[in-house]
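First the structure, in the form of C-alpha cells, and then the observations on it.
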Amino acid sequence: MNDALVSEYDLVVVGGGTAGPMAAIKAKERNPALRVLLLDKAHVKRSGAISMGMDGLNNAVIPGHATPEQYTKEITIANDGIVNQAAVYAYARNSFATIEQLDRWGVRFERDETGDYAVKKVHHMGAYVLPMPEGHDVKKVLYRQLKRARVAITNRIVATRLLQGDDGAISGVMGFDCRTAAFHVIRAKAVVLACGAAGRLGLPASGYLMGTYENPTNAGDGYAMAYHAGAELANLECFQINPLIKDYNGPACAYVTGPLGGFTANSRGQRFIECDYWSGQMMWEFWQELQGGNGPVFLKLDHLAEETIQTIETILHSNERPSRGEFHAGRGTDYRRDMVEMHISEIGFCSGHSASGVWVNERAETSVQGLYSAGDMAAVPHNYMLGAFTYGWFAGENAADYIAGRSLAAIDGAQVEREQARVFAPLLRENGLAPSQVEYKLRRFVNDYLQPPKVTRKMEIGLERFDAIRDDLEQLHATSAHELMRAAEVSVIRDCAEMAARASLFRTESRWGLYHYRVDHPQRNDADWFCHAHLKKDDAGRMTSFKRAVEPYIVPIDSQERSAYDRLRVAGAEQPVPA
Amino acid sequence: MTFTFRETTQRSAAPVTVDHDKCIADKGCTVCVDVCPLDLLAIDPDTGKAYMKFDECWYCMPCAKDCPTGAVRVEIPYLLR
Ligand SMILES: Cc1cc2nc3c(=O)[nH]c(=O)nc-3n(C[C@H](O)[C@H](O)[C@H](O)COP(=O)(O)OP(=O)(O)OC[C@H]3O[C@@H](n4cnc5c(N)ncnc54)[C@H](O)[C@@H]3O)c2cc1C
Ligand code: SF4
Ligand code: SF4
C-alpha cells in the first residue's frame with residue numbers, strides 16, 4: 001500500500017452524471033450526519049450524458065396523461081416481455097415525484113396554455129414525452145443542490161475496482177487521479193455505482209474512437225467494476241443500438257421533431273415505421289431499410305413551415321448536442337431543403353436505452369451486499385434520464401438506511417497492492433503498445449464479430465481475439481497519467497467485449513429485434529428463453545451465464561397487446577423482394 | 001542483432017482552438033480545463049493560454065459554453081466533418 005491516499009466516508013457514489021448526484025443528495029437528506037462522497041472521473045459540473053442538458057423526458061409518467069400500470073405494460077411489451085415488472089413499476093410510480101422534485105429545484109419543462117405539462121405521444125401506445133426546450137441548465141441545477149446538501153465532491157478520479165471485506169460486502173473503492181496518477185483508497189460502508197453506459201464498446205462507423213453516441217467517459221467502467229466484485233449482470237445480449245445522424249453520431253431527435261411534424265423516412269421521403277420510439281423492433285425495421293433498396297434512412301423536416309424549422313433549430317442546436325448546427329453547416333445541410341442522412345450506432349450496453357445492465361431490484365440493490373446501482377448501467381429497461389434520477393433517489397435512500405449501525409470494514413492490504421500493481425503497470429513500462437491503438441483494434445473486433453446480425457462462429461472467433469487482447473494489455477505503455485486513464489479504459493472495454501460475446505452466445509434464440517438477432521437461431525423461442533439471462537464471475541473466477549425466471553407480472557399483458565411492437569412497419573411500405 | 005523498439009506519434013489537427021487575444025488564463029482562469037469531461041485541455045506554460053493537449057474530443061462544447069470571454073472554438077473533428 002505504498003503511497004496510497006486513504007480516506008474514509010460512509011457512502012461513496014461513483015459517477016456524478018445524472019443518477020449519481022441524485023443518489024448523493026437523497027442519501028444526505030435521509031441522514032444528514034452521513035459523510036457522502038461523490039466521485040467522478042470528469043468534473044461533476046459538466047460530466048456524463050447530460051453534460052450540456054437534455055431535450056426532454058422520454059418516459060414521464062404524469063397523472064392525467066399516463067398511469068404507472070400503462071407505462072409498465074408499454075415497457076414490458078417494448079422489451080419483448082423480459083422485464084422485472086416490479087423494478088419498472090417502482091420507477092413508474094415515482095416518476096412524477098421526481099419530475100416535481102426537479103421542477104422545484106428549477107429544471108424547466110414545457111407547459112401548455114393551462115399550465116399543465118405539455119406531454120407528447122411518441123411511443124407506440126401511451127404518451128410519455130415531455131419536452132425541455134430550456135433543458136440546458138440541468139447540470140447547473142444539480143450542482144447547486146449538491147452544494148446545498150453538503151455532499152463532498154472529488155473530481156478527476158478514475159475508479160477502477162471495488163474493495164470487499166472478508167464477508168464479500170463492499171468496503172470501499174479504489175482508483176487513481178487522471179492528472180497526478182496518485183492512487184486513492186476510499187473506505188466506505190456502501191457504494192453506489194452510477195457510471196453510465198458502456199459507450200465505447202463498438203467502434204463508430206466513422207472509425208473515430210471518441211465519436212460515440214454516449215459520452216465517451218463512460219467506457220463501461222461500472223459494468224467491469226460490478227462484474228469483478230461478483231455482481232450479476234442481466235440480459236447483456238440486449239445491446240444498445242440507436243438510429244443516429246450519420247458520422248455526427250448524435251440522436252436525430254425524432255422525439256423532438258416528431259410532435260412538430262418531422263419523421264424518419266426512407267430515401268423516397270416516405271414514412272416506413274409507425275412509431276419513432278427506439279426499440280429493438282424499431283431498429284430492426286431501420287436496419288432492413290438501410291440494407292434494402294429503400295435506404296439510406298433520413299430524418300425528414302423539409303416539408304415543415306419556416307417557423308417550425310426555426311423552433312427545431314433553436315432546440316436541437318443549443319441543448320444536448322449543440323455542435324449539431326456546426327456539423328450540418330459544414331456539409332451544407334439545411335433542414336428546409338435537405339433530409340438529414342441517418343445511420344445506426346455502434347453497439348453498447350445501456351439499460352437506459354435498452355435492457356443491458358447490472359442486475360438491480362426495485363430498491364436499487366445489486367446482488368452484492370452493500371453495492372447499489374442506478375442509471376444507464378443498472379438493469380431497469382428503457383429507464384432514460386428520469387429513470388436514472390429516480391433510481392438514484394432509491395439508491396441514495398436505501399444505501400443510507402443500510403449504512404445505519406454499520407462500521408467500516410478493515411482494508412485488505414493485499415487487495416490494494418494487487419490493484420495498484422495492475423493499474424500502474426503501463427506507467428512503469430519503458431515502452432510498449434499505445435492504449436489508443438489497442439483500443440482501436442479491440443473495438444474493430446467488436447464490430448467485426450459482435451455487431452448484429454450475430455453469427456455463432458464469428459462470436460467464437462471474437463472471443464479468441466479478445467483473449468489475445470488480454471495479452472496485449474500486459475504490454476500497454478502509458479506516458480502520462482492521462483494516458484494511464486485510457487489504458488485503464490481499454491481493460492474495461494475488453495471485459496465488456498467478452499461479456500457481450502458470452503451473453504450473446506448463451507441466448508440461443510433471437511429477441512429484441514436487431515439488438516439480439518442471431519442468424520443461426522433466427523426465431524424467438526419462448527418455450528426455452530422466456531427468461532432473463534444473467535452473467536457473473538463464478539467462485540473460480542470464470543465468466544458464467546445462467547437463466548433466471550421472469551418475475552410474476554404485476555400488470556397482466558393480454559395476448560393481443562403482447563405483439564403490439566411487432567407491428568411497427570407502416571402498411572404499404574414493404575421491402576422490395578428479390579424476384 | 002540489435003533491433004531497438006521505437007515508438008512514433010501520429011499527427012492530428014486539434015478540433016478545439018483558443019483565441020489568444022481573449023483567453024485570460026494568465027489571470028488565473030482555468031474554466032475550460034476544469035469542465036472538459038474528457039480532460040483534454042491544459043494551460044500552456046509558455047504562452048499562458050489554454051490549448052487542446054489531447055485530440056479525443058466528443059465535440060460536446062462545455063469548454064466553449066463556459067468560457068467567460070468566448071475564447072474557445074470547437075470544430076467538428078476532421079474525421080466526422
Ligand atoms: C446524446 C444523448 C441524448 C440523450 N437524450 C435523452 C433525452 O432526450 N431524454 C432522456 O430521457 N434521456 C436521454 N438520454 C439518456 C440519458 O441521458 C441517460 O439515460 C442518463 O443521463 C444516464 O444517467 P447516468 O447517471 O446513468 O449516466 P451519466 O449521466 O452519463 O453519468 C455517468 C458518470 O459516471 C462517471 N464515470 C464513468 N466512469 C467512471 C469511473 N471509472 N470513475 C469515476 N467516474 C466515472 C462519468 O464521468 C459520468 O459523470 C440521452 C443520452 C445521450 C448520450
Ligand atoms: S475558459 Fe476561456 S479564458 Fe478561461 S482558460 Fe479557457 S479559454 Fe482561457
Ligand atoms: S468539446 Fe467537449 S470534449 Fe471537446 S474539448 Fe470541449 S469540453 Fe472537451
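One table, with the values for the structure above:
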{"quantity": "Reciprocal of mean inverse Cα separation for segment A:439-502 (Kirkwood radius, Å)", "calculated": "12.1 Å"}
{"quantity": "Values of log10 I(q)/I(0), in the order q = 0.15, 0.29 Å⁻¹, for segment B:16-76 under a Debye, Cα-only, solvent-free model", "calculated": "-0.35, -1.41"}
{"quantity": "Directionally averaged projected area (convex hull, Cα atoms, segment A:243-344), nm²", "calculated": "5.9 nm²"}
{"quantity": "Per-q log10 I(q)/I(0), segment A:69-163, q = 0.12, 0.13, 0.19, 0.21 Å⁻¹ (Debye; single scatterer per alpha-carbon; no solvent)", "calculated": "-0.61, -0.70, -1.05, -1.10"}
{"quantity": "Estimated dipole of chain A in Debye, rounded to 20 [Cβ of Lys and Arg +1, of Asp and Glu -1, Cα centre]", "calculated": "760 debye"}
{"quantity": "Counting DSSP beta bridges with both ends in chain A, the antiparallel % (nearest 5)", "calculated": "70 percent"}
{"quantity": "Translational diffusion coefficient (Stokes-Einstein; Kirkwood radius from C-alpha pairs) of segment A:168-320 at 10 °C, 1.306 mPa s, in µm²/s", "calculated": "85 µm²/s"}
{"quantity": "Gap separating the Cα centres of segment A:311-338 and segment A:228-256, nearest whole Å", "calculated": "22 Å"}
{"quantity": "Whole-Å distance, taken between Cα centres, linking segment A:1-73 and segment A:275-298", "calculated": "33 Å"}
{"quantity": "Listed residue (A:375, A:131, A:76) projecting farthest to the positive dipole end of the protein assembly as shown, Cβ model", "calculated": "A:375"}
{"quantity": "Unit charges at the beta carbon, dipole of the protein assembly as shown: most positive-side option, A:499, A:343, A:258", "calculated": "A:499"}
{"quantity": "Cα gyration tensor category, rounded, prolate or oblate, for segment A:431-475 with a/c compared to 1.5", "calculated": "oblate"}
{"quantity": "Mean shadow area of segment A:309-461, taken as a quarter of the surface of its Cα convex hull (nm²)", "calculated": "15.7 nm²"}
{"quantity": "Pairs from A:73/A:120; A:41/A:547; A:41/B:65 whose Cα-Cα separation, in the structure shown, is over 29 Å", "calculated": "A:41/A:547"}
{"quantity": "Selection from B:69, B:59, B:18 lying farthest towards where the dipole of segment B:16-76 points positive, charges on Cβ", "calculated": "B:69"}
{"quantity": "Size of electric dipole in segment A:243-344: Cβ of Lys, Arg +1 and of Asp, Glu -1, about Cα centre, debye, nearest 20", "calculated": "140 debye"}
{"quantity": "For segment A:404-543, size of Cβ-based charge dipole, Lys and Arg +1, Asp and Glu -1, in debye", "calculated": "440 debye"}
{"quantity": "For segment A:106-179 and segment A:500-535, distance of Cα centres in Å", "calculated": "32 Å"}
{"quantity": "Alpha-carbon spread of the protein assembly as shown, three principal axes, descending order, Å", "calculated": "68, 65, 60"}
{"quantity": "Other protein chain Cβ atoms within 10 Å, averaged over every residue that makes up B:51-64", "calculated": "6"}
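Rule-based calculations on the coordinates, nothing more; no lab input. Computed from a prediction, not measured in an experiment: that's the story for all the values here. Cβ coordinates were reconstructed from backbone atoms using ideal geometry, including for glycine residues, and neighbour counts include every protein chain displayed.
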